[in-house]
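A short write-up of the structure that comes next.
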Amino acid sequence: MKDLLHITDLSADDLTMLLELATGFQDDPGSGGHLLTHRMVPMYFAKPSTRTRLSTAAAVTRLGGTPIAVGPDELQLRRGETIGDTARVMGAYSAAIVIRTFADADVRELASATPVPIVNALTDGHHPLQAVADLLTVQQHFGRLRGHRIAYSGDGGNVARSLMEAAALAGMDVAIATPPGYAPPDEAVAFTAAEADRNGGGFVLTTDPAEAVKGASVVYTDVWLSMGDPEENQERRRKALTPYRVDENLMALAGDDAVFMHCLPAHRGQEVTAGVIDGARSLVFQQAANRLPAAQAVLFALLTERLDGRP
Ligand code: CP
Ligand code: NVA
């Protein structure tokens, strides 16, 4: 397996290995050796980023390499150079390429045009690096993943999709509550249902947040308007998603030991109340910190060709 474009590229064993590697890098940041000495990893970000850009840069640095962040105005893509030509040229200088952009098709095109590993750092459809860090966080907090329910309430966008796919691979009990019309795509639902079943977990897709969080160990949400979403939809989204806000009442319906998670950035008073995200049950900063060992694990595993991918 050359690239990490989607969680659905991974087998259950691959995901387990990534979590083991990430745990190892957390305990001993230098244990990956100097895999990237004298090598460069360009990071192309067509959307803003705080966590992904900096944690990935830190991960490359830990492996002995040099991260170089480039924005859309700094490459010739804006002036009509094709993705294919750009990929072939970048690949000649690089150990791997990290990319955050809009269309998933563009990332797939990049990946098919160069032999170097491509890491999806968020697209409109997926956020695999986030999901690996999220499961690492749950595993650290509860000691294991199986047997725990992870409930998501809100927009069924990129974060929800990668999270539910990863949780199903890990054999968790997955519950997703979205408004009608905001559910994750059918293929993500089918993958999650099949993998939850195969790996000993469960899956519920509902429009009722109370049903989703019942007995949950984790309650998770994301922003109402993602970076790829047109601004003119903001009011329609606000109306649809307000009943899915994670507040103290919703948390009270979850398990007694339930924690709150959010990929960040968060909007207090919109998708989550300040009391919940800043409260004692919130793991959001542990999640953010875990982006670093998760990114290091993904880069290390791809560069050392340890991931088998799906059969
Ligand atoms: N969670 C996340 O991906 O954050 P950034 O957009 O800041 O990278
Ligand atoms: N769904 C959000 C996640 C940000 C990390 C977005 O795509 O903007």
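Of the conditions (1) buried (at least 20 other Cβ atoms within 10 Å of the Cβ); (2) modelled with pLDDT of 95 or more, Gly32 fails just one. Which one is it?
Among (1) buried (at least 20 other Cβ atoms within 10 Å of the Cβ); (2) modelled with pLDDT of 95 or more, Gly32 violates only (2).
Output the residues belonging to the stretch 39-68 that are open to solvent by 30 Å² or more (accessible area, probe 1.4 Å) and either without any contact (Cβ under 8 Å) to a residue 24 or more places away in the chain or of a type in the set (Asp, Glu) (or both).
Result: Leu54, Thr61.
Could you grab me the full set of residues in the stretch 263-311 that are β-branched (Val, Ile, Thr), under 23 Å from Gly156 (Cβ atoms) and either part of a helix (DSSP H, G or I) or within 14 Å of ligand 2 (Cβ to nearest atom) (or both)?
Answer for the stretch 263-311, where residues must be β-branched (Val, Ile, Thr), under 23 Å from Gly156 (Cβ atoms) and either part of a helix (DSSP H, G or I) or within 14 Å of ligand 2 (Cβ to nearest atom) (or both): Val272, Val276, Ile277, Val284.
If the requirement is being among the small types (Gly, Ala, Ser), modelled with pLDDT of 95 or more, within 16 Å of ligand 1 (Cβ to nearest atom) and closer than 30 Å to Thr192 by Cβ, which of these qualifies: Ala58, Ala46?
Being among the small types (Gly, Ala, Ser), modelled with pLDDT of 95 or more, within 16 Å of ligand 1 (Cβ to nearest atom) and closer than 30 Å to Thr192 by Cβ holds for just one of Ala58, Ala46, which is Ala46.
Only one of these conditions is not met by Met227: (1) touching a residue at least 40 places away in the same chain (Cβ under 8 Å); (2) open to solvent by less than 40 Å² (accessible area, probe 1.4 Å). Which number is it?
(2)
If only one of Asp85, Asp14, Asp106, Asp73 is at pLDDT below 95 and either crowded, with 18+ Cβ neighbours inside 10 Å or outside any loop (DSSP other than H, G, I, E, B) (or both), which one is it?
None of the other options fit; the residue is Asp73.
Go through the stretch 99-131 and count every residue that is under 28 Å from Phe260 (Cβ atoms) and away from ligand 2 (no atom under 14 Å from the Cβ).
Final tally of qualifying residues: 1.
Among the residues of the stretch 69-85, are any touching a residue at least 60 places away in the same chain (Cβ under 8 Å) and more than 16 Å from ligand 2 (Cβ to nearest atom)?
Looking through the stretch 69-85, none of the residues is touching a residue at least 60 places away in the same chain (Cβ under 8 Å) and more than 16 Å from ligand 2 (Cβ to nearest atom).
Every residue in the stretch 17-29 that is part of a helix (DSSP H, G or I) and surrounded by fewer than 20 Cβ atoms within 10 Å (Cβ to Cβ), please.
Those that are part of a helix (DSSP H, G or I) and surrounded by fewer than 20 Cβ atoms within 10 Å (Cβ to Cβ): Met17, Glu20, Thr23, Gly24, Gln26, Asp27.
The values are calculated or read from the model by the stated rules, or taken from the named source; none is laboratory data. Note that the structure is a prediction, hence the values are computed from the model and not measured. Here the Cβ is made from the backbone with ideal geometry for all residues, glycine too, and neighbour counts use every protein chain on show. For accessibility, only protein heavy atoms count, side chains too; no ligands or nucleic acids. Shrake-Rupley method; radii C 1.70, N 1.55, O 1.52, S 1.80 Å.
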